[in-house]
Structures are given as C-alpha cells and as structure tokens.
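Undergrad: Would you mind keeping the following structure in view while I ask a few things?
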C-alpha cells in the first residue's frame with residue numbers, strides 16, 4: 001500500500017464567478033514522485049489545459065496556466081477537506097479577484 005495521498009490529489013469540480021457569468025468545469029490533480037501536476041477543463045469549451053505550475057503549502061494551493069483564449073491565468077485557494085475557496089486572476093486582461101471555489105468529486109485521478 002502506498003503512503004498517505006496528498007490532500008490536493010483528486011478530481012475536483014470548480015466554479016469561477018467571472019465578469020461573463022459563472023464558469024464551471026473540472027480540475028484533475030495527480031502526484032508523481034512527489035511532484036503535483038494538474039489538468040484544468042472548462043465546461044464551456046471542454047478544452048483541457050495542463051497547469052504550468054501547481055504548489056501547495058499549509059492548506060493553500062497556487063496554480064498557473066496558459067489558456068489559448070485568455071493567456072496567463074493564476075489562482076490561489078485554501079483547501080478545507082473536500083472543498084476549496086479562493087480567487088483567480090486573468091493576468092492578460094487585468095481581471096483579478098474572481099471567486100474560485102470547488103468540491104472534490106473523486107478521491108484520486110485513477111479509476
């Protein structure tokens with residue numbers, strides 16, 4: 001049996017309160033040899049975007065990605081069990097502080 005799973009690993013549903021309305025989707029976080037990685041998918045276009053960076057320290061995770069439509073996007077959120085709450089920024093457009101919340105759907109990214 002493997003050691004304890006990282007608390008961020010899993011499949012998450014998320015919601016972003018953007019100026020264009022609520023955007024929902026899924027984020028899948030995996031851990032390989034101690035390194036966190038993730039894929040972000042929006043229900044709007046169903047395009048998967050690999051996270052450029054993902055870090056976790058003291059229940060807070062920070063992530064960054066580059067969207068073909070929106071450019072650089074960053075987010076920071078606090079994890080509490082099977083939920084998180086924080087903010088997301090679309091750097092290229094100067095949109096900051098959008099509400100970014102989520103709930104765990106599956107305990108890990110595997111079947």
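Undergrad: Go through 27, 62 for me and flag whichever is surrounded by 16 or more Cβ atoms within 10 Å (Cβ to Cβ) and either within 20 Å of residue 98 (Cβ to Cβ) or more than 11 Å from the chain's Cα centre (by Cα) (or both). Full working, then the answer.
TA: On the way: 62 fails: surrounded by 16 or more Cβ atoms within 10 Å (Cβ to Cβ).
Step by step, each of 27, 62 is checked, and only 27 is surrounded by 16 or more Cβ atoms within 10 Å (Cβ to Cβ) and either within 20 Å of residue 98 (Cβ to Cβ) or more than 11 Å from the chain's Cα centre (by Cα) (or both).
Undergrad: Condition check: in contact with a strand residue (DSSP E or B) (Cβ under 8 Å, 6 or more places away or on another chain) and over 16 Å from residue 16 (Cα atoms). Does residue 35 satisfy that?
TA: Values: in contact with a strand residue (DSSP E or B) (Cβ under 8 Å, 6 or more places away or on another chain): no; over 16 Å from residue 16 (Cα atoms): yes.
No, not satisfied.
Undergrad: Could you say whether any residue in region 69-80 is under 19 Å from residue 6 (Cβ atoms), in contact (Cβ under 8 Å) with a residue 40 or more places away in the chain and within 13 Å of the chain's Cα centre (by Cα)?
TA: Within region 69-80, the subset under 19 Å from residue 6 (Cβ atoms) is 75-80.
This time we only want the ones that are in contact (Cβ under 8 Å) with a residue 40 or more places away in the chain, so: 79.
Checking which are within 13 Å of the chain's Cα centre (by Cα) leaves us with 79.
The answer is yes, given that some residue of region 69-80 is under 19 Å from residue 6 (Cβ atoms), in contact (Cβ under 8 Å) with a residue 40 or more places away in the chain and within 13 Å of the chain's Cα centre (by Cα).
Undergrad: Identify the residue in region 30-57 that is assigned to a loop (DSSP other than H, G, I, E, B) and at pLDDT 95 or above and, among all such residues, is farthest from residue 7 (Cα to Cα). Can you show your working first?
TA: Filtering region 30-57 down to residues assigned to a loop (DSSP other than H, G, I, E, B) leaves 33-34, 43-47, 51-52.
With the extra rule that they be at pLDDT 95 or above, the set shrinks to 51-52.
On the way: 51: 18, 52: 20 Å.
My answer is 52.
Undergrad: Select, from 67, 99, the only residue that is modelled with pLDDT under 95 and surrounded by 13 or more Cβ atoms within 10 Å (Cβ to Cβ). So that I can check it myself, show each step before the final result.
TA: Working: 99 fails: modelled with pLDDT under 95.
Result of the check over 67, 99: 67.
The values are calculated or read from the model by the stated rules, or taken from the named source; none is laboratory data. Note that the structure is predicted; figures quoted are calculated from it, not measured. Backbone-built Cβ (ideal geometry, glycine too); neighbour counts: all protein chains shown.
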